[in-house]
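Working notes for the structure below.
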Amino acid sequence: MSDPRITPSIFTRGAVDLSALRTPAPSPAPASAQSGPSDDAAGSTAAVIDVTEATFQTEVLERSLSTPVVVDFWAEWCEPCKQLSPVLERLAVEGGGAWVLAKVDVDANPRLAQMFRVQGIPMVYAVVGGQPVDAFSGVVPEAQLRQWIQAVLKAGGASVAETADPRLDEADESLLNGDLDAAEQAYRKILAEAPSDAAAEAGLAQVGLARRVAGADPQAALAAAAAAADNIDAQLLAADVEVLGGMAEQAYQRLVGLVRRTAGEDREKVRQHLVGLFTIAGPEDAAVALARRALASALF
């Protein structure tokens, strides 16, 4: 792709695994029916759809078997999203059914954002043949956006070439279904055999994140952190909430700032928590690289 911000490396097996969202052997009929009209009568309703975790399989995975789907991760509070989304919507309608824009509200669908390792929004994925084939983050100029869409359309049946690991599929499905004990056991078993398996490390870190935020009210957690800047537990929970909501960069900045304001055991507690959040995104994530440099500066 021509846009330097597009990062094919995010499509490693450990980064995005959609098997847990699929049901066995979808029939061709629903996929065809989901593809939407492609003639001039197709309006914005057919070209732009709102997708939830419950509808992701049919509206994105099955639909992408016959029609490329561009998935836009956004949120109401995100100002850059308000710049990019209208352009995507206009181009989708202009495409006349050649591709479909699926919009995912990260606040309403945090587990989808988590599965796609969304670290900041807007984040846009192209899904073809049931698999993500490319992505970019941030606001992209319309000219480059058009080029990117054309490249996606030309990709045809391109998909992730890496062979899926059934053990990771099982672990990821347990995580998605909320069975954290089973997920942890599965990830630890993989790591016992392959200690450097980045996908299993990321999955295990996600289990920890899910446990920490269980039962928490995101808005209340953020409000509590805002009211108590030096309350370590409040700040750590707020960072977890931000990562789960697709605001990883904000979470990293929060904890790097806390590292600067703490010392001794408190500082080490914050540092370890931040490193654990880095594990979820992976070492190749650009935001992680920047945050690691900021952390090193704060420590030394």
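You will find that of Ala126, Ala108, the residue that is farther than 21 Å from Val243 by Cα, modelled with pLDDT of 85 or more and among the small types (Gly, Ala, Ser) is Ala126 and no other. Here Ala291 clears all of (1) farther than 26 Å from Cys81 by Cα; (2) assigned to a helix (DSSP H, G or I); (3) small (Gly, Ala, Ser) except the condition numbered (1).
Whether any residue in region 211-223 is crowded, with 20+ Cβ neighbours inside 10 Å, modelled with pLDDT of 90 or more and closer than 22 Å to Leu176 by Cα is what I want to check. No, there is no match, as no residue in region 211-223 is crowded, with 20+ Cβ neighbours inside 10 Å, modelled with pLDDT of 90 or more and closer than 22 Å to Leu176 by Cα. Just one of (1) in a helix (DSSP H, G or I); (2) more than 20 Å from Ala289 (Cα to Cα) fails for Ala229. It is (1). Considering region 68-85, the residues that are acidic (Asp, Glu) and within 17 Å of Val140 (Cα to Cα) include one that is modelled with the lowest pLDDT, namely Glu79. Within region 260-287, which residues are part of a helix (DSSP H, G or I), among the β-branched types (Val, Ile, Thr) and surrounded by fewer than 20 Cβ atoms within 10 Å (Cβ to Cβ)? Scanning region 260-287 gives Val275, Thr279. Residues considered: Gly130, Gly138. Of these, the only one that is within 28 Å of Leu255 (Cα to Cα), assigned by TED's automatic domain parsing to the domain that holds Phe73 and within 17 Å of the chain's Cα centre (by Cα) is Gly138. Consider Ala102 carefully, then state whether it is under 16 Å from the mean Cα position of the chain (by Cα), at pLDDT 90 or above, under 15 Å from Met247 (Cα atoms) and among the small types (Gly, Ala, Ser). In short, no.
The values are calculated or read from the model by the stated rules, or taken from the named source; none is laboratory data. Everything numeric here is computed off the predicted structure, so don't read it as measured data. All Cβ positions, even for glycine, are placed from backbone atoms using ideal geometry, and neighbour counts span all protein chains on display.
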